[in-house]
Amino acid sequence: MSDLIPRPEYPNPQFERADWVNLNGAWQFEIDHGKTGRERKFYEKQALADTIIVPFCPESELSGIGCKDFMPAVWYRKAVTIPQEKLQGRVFLHFGAVDYEAFLYVNGAFVGSHKGGYTHFSFDITDFVHAGENVVVLCAEDDSRSSMIPSGKQSGKYDSYGCFYTRTTGIWQTVWLEYTPKAYIRSLRVYPNYKDGTVAMQADVCGSGIFKAEAFFDGHAVGSFEAQTDGSTVCGTLHLSQIHLWDVGQGNLYDLKLTFGQDTVKSYFGLRNVRMDGWKFMLNDRSVFMRLVLDQGFYPDGIYTAKDEKELLKDIELSLAAGFNGARLHEKVFEPRFLYYCDKMGYLAWGEYPNWGLDYSDPKAMAAVLPEWTEEIARDFNHPSIIGWCPFNETWDFEGRLQWNELLRMVYRTTKALDPTRPCIDTSGNFHVETDIYDVHNYEQNPETFKAEYDKLMTDNELYDQHHNHRGTQKWNGEPTFVSEYGGIRWAGEEAAGWGYGEAPKTEQEFLERYKGLTDALLDNDKMCGLCYTQLYDVEQEVNGLYTYDRVPKFDMEFFRTVNSRKAAIED
């Protein structure tokens, strides 16, 4: 692996430039056990103690480090050569994700910092570099046990346990240099309207000139617009000569070419609309049942990071083979390359956030969540596969203290202000405050009991909710709903080892009958707009996946495809 560049593909296909340099591969590395490296000026050191393979976290085997203990701070150092001609424009250094707080130094000078372990950030380093060799140094500080740091499913103990897994520290997505002209495109937002075949666009640019957007489908030009600007924001509408809808199982992506002066960016979009209509989830004005599966985004040898992009695509293919049409991307912000394959495959996805580990009873949590959450919305807004947002999951009482309801309310309202085009669930499962969908979690293992609980929604307009009126917090007011976590059936062979929900089946046949009974209860309920089964594959000690952690099927996937893919009662 160290002789080649790992993860060589461009990391964000929605905003791709040709003039870039992948910095993955061998970097100097050192663990800073006392978190004193900034005080001791590690950014001036001529060499660090070890070598790591970026973009894999130091806990992973693929990194070459494999340290499973807590690392309060880690340091990275790499020499980067920049040709003289590149300094005629701008030089940007990009990081896909660094967990948790990053401090960047170039040639010994402090450039800037970023807080948040899951979203992309970049710095214009033009004024810090020169022609020839330059030294890039990054410090990443991470305290996974801090109640002010969202850590998702990362274990707060030395070992993994239950549904908490190996931690990720430092760089875990691609690092790259990008060269732009002095006038360049900063960002783009697209607002497709499939009914009239238009795409409204908002581009942020630096400098003055003519901005142009050209759309193509299967290589054929299908529309364009251009506008003159003296800088900042450009708005316009692109009229399409061909209508191809993005739909379940049909990506039908349009390619985009963006130009602004000498700057050129490749992008794409999907033509589709999502909304709620009473009990129904509507895709292009058609009721679609969300057949979702919980995807944790963990890999045996890379932890948070897939070894190659084939592994990203494979997880979607495994889900489709089991009859699911999408996933909750659970307690993690998945990388843009994964979302690209969701877009391409017509695979539904809920964009979520790793809120576990955060003390959401403390008003200070707002500062820990909102900046990174808004970065996630901005980064992923254009992905047609993202059909909804869910910033929190199961906001249990924190050390006996109730959640601070205003945190959930303000994050929900901010989400709706930033993106009114998608539904938002304030906190999946519990405890809802203000939400577009009132979803519930239920790991009841008896299919008859499970069915009886939710049949009351059809017969008596009563939603079974085991957390109803918890300390006066959670009350269903007739919002659309679905069971967004269920099942979690343990299976590690008939020995029933490992962690999962409820009593494990004694035989494979018992597992299959239980799965079918639980799933049929939701498919046959005409007030349910979807389901989400826990989970797609095992993760470490958690053995409730339909596949093993190595992605080997535990059963014949045709059985699950048949059960999951039949028409649901609520569907058109």
Would you mind getting the Kirkwood hydrodynamic radius of the stretch 478-572 from its Cα pairs, rounded to one decimal in Å? 14.0 Å
Length added when fully stretched, residue 113-residue 157, from 0.36 nm per residue minus Cα-Cα: 13.1 nm
Under a straight-distance cross-link criterion of Cα-Cα below 19 Å, which lysines are reachable from residue 451, leaving out those fewer than 8 residues away in the same chain? 516, 527, 567
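Using +1 on the beta carbon of Lys and Arg, -1 on that of Asp and Glu, and nothing else charged, what's the dipole of the chain about the Cα centre, debye to 20? Walk me through the numbers on the way to the answer.
Working: 57 positive and 86 negative charges, 234 e Å.
The dipole magnitude comes to about 1120 debye.
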For the residue pair residue 243 and residue 18, what label-to-label distance in nm results when each label sits 7 Å from Cα along the Cα-to-beta-carbon direction? 3.5 nm
The chain accessible area per residue, 1.4 Å probe, protein heavy atoms, integer Å², reads 37 Å²
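For the chain, which whole-number percentage of the solvent-accessible area (1.4 Å probe, protein heavy atoms only) is attributable to carbon and sulfur atoms? Don't jump to the answer; show the numbers that get you there.
Values: 10160 of 21070 Å².
Carbon plus sulfur share of accessible area: 48 percent.
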Which Cα, out of 125, 150, 194, lies furthest along the positive dipole direction of the stretch 100-214 (beta carbon charges, K/R +1, D/E -1)? 194
Report, by chain and number, residues whose modeled amide H sits under 5 Å from the one on residue 121, excluding near sequence neighbours (fewer than 5 apart, same chain). 95
Karplus (6.51, -1.76, 1.60) ³J(HN,Hα), θ = phi - 60°, over the stretch 549-557, in Hz, Gly and Pro reported as x: 4, 7, 6, 9, x, 7, 9, 6, 5
With Cα atoms, 0 to 90° folded angle of helix 365-380 axis to the chain main axis: 80 degrees
Using a Förster radius of 25 Å, what is the FRET efficiency between residue 67 and residue 38 based on their Cβ-Cβ separation? Nearest 0.05, please. 0.75
Under 5 Å between amide H atoms, partner at least 5 residues away or on a different chain: which partners does residue 170 have, H built in plane at 1.01 Å? 99, 100
With both partners inside the stretch 264-328, how many of the DSSP beta bridges are antiparallel, as a percent to the nearest 5? 70 percent
Low-density loop positions, chymotrypsin sites (Phe, Trp or Tyr not before Pro), the stretch 123-209 - DSSP coil, at most 11 other Cβ in 10 Å: 158
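Which value, in Å to one decimal place, does the Kirkwood hydrodynamic radius take for the stretch 418-506 when every pair of different Cα atoms is included? The partial results should precede the final answer.
On the way: mean 1/r = 0.0673 Å⁻¹.
About 14.9 Å, per the Kirkwood formula over Cα pairs.
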Rounded to the nearest 20 debye, dipole of the stretch 369-478 from Cβ charges on Lys, Arg, Asp, Glu: 300 debye
Do any GluC sites (Glu not before Pro) in the stretch 440-548 lie in a loop, going by DSSP, with at most 13 other beta-carbon atoms within 10 Å of their beta carbon, and if so which? 494, 495, 503
Can you tell me how much longer the chain between residue 526 and residue 46 gets when fully stretched, taken as 0.36 nm per residue apart minus their C-alpha distance, in nm with one decimal? 166.2 nm
Taking the dipole of the chain about the Cα centre (Lys, Arg +1; Asp, Glu -1; charges at Cβ), the one of 108, 22, 447 that reaches farthest to the positive side is 108
Charge dipole magnitude, Cβ of K and R +1, D and E -1 - the stretch 274-411, Cα centre, debye nearest 20: 500 debye
Taking θ as phi - 60°, what are the ³J(HN,Hα) couplings along the stretch 217-226 by the Karplus curve (6.51, -1.76, 1.60), each to the nearest whole Hz, with x for Gly and Pro? 10, 6, x, 9, 5, 10, x, 7, 8, 9
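I want the antiparallel fraction of DSSP beta bridges within the stretch 471-572, as a percent rounded to 5. Provide the component values of the computation, followed by the final result.
Details: 2 of 9 bridges.
Antiparallel bridges make up about 20 percent of those DSSP assigns within the stretch 471-572.
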Per the helix-only model, the chain has a calculated mean residue ellipticity at 222 nm (DSSP H runs of ≥4, -39500 (n - 2.57) each, divided over all residues, rounded to the nearest 500) of -5000 deg cm²/dmol
Roughly what % of DSSP beta bridges within the chain run antiparallel, to the nearest 5? 75 percent
Among 509, 522, 549, the residue whose Cα sits farthest towards the positive end of the charge dipole of the stretch 470-558, when +1 is placed on the Cβ of each Lys and Arg and -1 on the Cβ of each Asp and Glu, is 522
The chain -> Rg/Rh from Cα coords, Kirkwood Rh, value 0.97
Placing one identical point scatterer on every Cα of the stretch 148-295 and ignoring solvent, what is log10 I(q)/I(0) from the Debye formula at q = 0.11, 0.12, 0.21, 0.22 Å⁻¹? -0.66, -0.75, -1.16, -1.22
What is the helix-to-structure angle for 309-321, meaning the angle in degrees between its Cα long axis and the longest Cα principal axis of the chain, kept from 0 to 90 and rounded to the nearest 10? 20 degrees
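Filter the cross-link list 506/554; 280/332; 157/332 down to pairs whose alpha-carbon distance in this structure exceeds 21 Å.
Values: 506/554 15 Å; 280/332 27 Å; 157/332 19 Å.
Cα-Cα > 21 Å for 280/332; rest within.
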Note the angle between two axes, namely the Cα long axis of helix 508-523 and the longest principal axis of the Cα atoms of the chain, as a number of degrees from 0 to 90, rounded to the nearest 10. 90 degrees
If you only keep lysine pairs separated by 8 or more in sequence, or across chains, how many in the stretch 1-150 come under 22 Å at the Cα atoms? 9
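Report, in cubic angstrom per residue, the convex hull volume of the C-alpha atoms of the stretch 84-176. Numbers along the way, then the final one.
Numbers: hull volume 9.2 nm³, N = 93.
Output value, Cα hull per residue: 99 Å³.
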For residue 569 and residue 448, calculate 0.36 nm times their separation in residues minus their Cα-Cα distance, and state this gained length in nm to one decimal. 41.7 nm
At 7 Å along the Cα-to-beta-carbon direction for both residue 210 and residue 468, put a label point, then send me their distance in nm to one decimal. 6.5 nm
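The values are calculated or read from the model by the stated rules, or taken from the named source; none is laboratory data. It should be emphasised that the depicted structure is a prediction, and the values quoted were computed from it without experimental measurement. Because the Cβ atoms are built from the backbone with ideal geometry, glycine has one as well, and the counts that use them run over all protein chains shown. Side chains are part of the model used for accessible areas, which takes the heavy atoms of the whole protein and leaves out ligands, DNA and RNA. Shrake-Rupley method; radii C 1.70, N 1.55, O 1.52, S 1.80 Å.
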